[in-house]
Amino acid sequence: MRIKTCLLTICLLWGTDAEVLAAPKKDRPYYENRGEIVWEVPTEEKLIALTFDDGPDPADTPQILDLLKQYEVKATFFLIGTKAERYPELVQREAAEGHELANHTYRHTYFNKKIPERRIRDELTKAQDAIHRISGQKPHLFRPPGGYYNETLVQTAKKEGFTVIMWSWHMDTLDWDTPGVNKITSKVLNNVRNGDIVLFHDYVEGKTETIEALKKILPELKQRGYRFVTVSELLSYRKLSPVKQMER
Ligand SMILES: [Zn+2]
């Protein structure tokens with residue numbers, strides 16, 4: 001009897017150890033393979049997804065929409081819930097012109113420290129309700145402000161039906177920091193790869209340089225044969241692992 005108990009204990013301990021050893025490191029490849037966070041979608045196709053965060057804004061957003069219309073570009077807007085409520089007509093215009101609406105929290109909350117699940121859910125659902133009420137659309141993409149994420153955030157977003165969307169690291173234009181029109185332009189034009197997700201903002205503190213940069217970027221990328229797609233359309237080109245495909 002004693003031997004049995006002893007063996008059982010060894011087995012249990014071994015089991016625990018094995019689990020600890022086998023616990024995956026929750027880094028980019030982990031989330032990318034599980035399809036829970038997307039940074040970009042490498043593809044043979046000449047596709048690119050432009051994204052605009054932190055709007056809508058009455059000064060910047062209409063000018064950006066005008067440019068997108070001029071170059072027949074479809075983009076994705078990661079909206080802040082409070083601003084969507086303040087400027088509903090801009091949200092409606094984005095939807096009417098064929099752009100994708102996505103969730104960027106209700107109050108632009110940074111999840112860079114431990115935040116309870118209920119608070120994350122509150123940020124997500126309040127923004128979601130606002131966007132749905134205003135546009136009739138129910139976004140299924142979520143971008144956490146500042147790109148901060150942790151396991152609780154990813155799993156809460158998943159439970160609420162969202163995929164977390166980041167951006168291609170080599171396509172971070174830093175336009176929010178107004179680094180100069182040329183810097184924004186060259187960041188995109190010198191680094192572009194098929195399936196990239198580009199990060200812009202349709203609200204920045206101070207005078208935006210994003211619009212002037214777009215005037216150079218859009219015609220040049222069109223000239224090079226790129227097709228501008230929404231993030232959802234880009235996601236349809238994802239090559240998921242066999243396990244993920246079975247789960248779909
Ligand atoms: Zn933001």
From the options PRO139, PRO62, residue that is assigned to a helix (DSSP H, G or I) and under 27 Å from ALA213 (Cβ atoms): PRO62
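Every residue, every condition in (1) surrounded by fewer than 17 Cβ atoms within 10 Å (Cβ to Cβ); (2) in contact (Cβ under 8 Å) with a residue 24 or more places away in the chain; (3) in contact with a strand residue (DSSP E or B) (Cβ under 8 Å, 6 or more places away or on another chain), yes or no:
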| residue | (1), (2), (3) |
| --- | --- |
| LEU90 | no, yes, yes |
| GLU100 | no, yes, yes |
| ASN112 | yes, yes, no |
| HIS132 | yes, no, no |
| GLY136 | yes, yes, no |
Can we say GLY206 is loosely packed, with under 15 Cβ neighbours inside 10 Å and small (Gly, Ala, Ser)? yes
Given the criteria away from the ligand (no atom under 16 Å from the Cβ), surrounded by 15 or more Cβ atoms within 10 Å (Cβ to Cβ), within 19 Å of GLN137 (Cα to Cα) and touching a residue at least 40 places away in the same chain (Cβ under 8 Å), does GLU40 qualify? no
Within the range 150-189, take every residue that is within 13 Å of the ligand (Cβ to nearest atom) and touching a residue at least 60 places away in the same chain (Cβ under 8 Å) and give me the one that is farthest from PRO24 (Cα to Cα). TRP176
If ASN112 satisfies every condition in (1) within 16 Å of the ligand (Cβ to nearest atom); (2) not in a loop (DSSP other than H, G, I, E, B) but one, which is the exception? (2)
Regarding THR156, is this residue of a type in the set (Val, Ile, Thr) and out of contact with any helix residue (DSSP H, G or I) (no Cβ under 9 Å at 6 or more places or on another chain)? no
Here is a list: ARG107, ARG143, ARG121, ARG133. Which entry is within 18 Å of ALA75 (Cα to Cα) and either within 16 Å of the ligand (Cβ to nearest atom) or basic (Lys, Arg) (or both)? ARG143
Which one is surrounded by the most Cβ atoms within 10 Å (Cβ to Cβ), of the residues in the range 43-59 that are within 20 Å of ILE80 (Cβ to Cβ) and of a type in the set (Asp, Glu)? ASP53
Residues of the range 190-204 being within 21 Å of the chain's Cα centre (by Cα) and either assigned to a helix (DSSP H, G or I) or within 16 Å of the ligand (Cβ to nearest atom) (or both), which ones? ASN191, ILE197, VAL198, LEU199, PHE200, HIS201, ASP202, TYR203, VAL204
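Every read-out reported here was derived from the displayed coordinates using simple, explicitly stated rules and does not represent laboratory data. Quick caveat: nothing in here was measured; it's all calculated off a predicted structure. Note: ideal-geometry Cβ built from the backbone for every residue, glycine included; neighbour counts use all protein chains shown.
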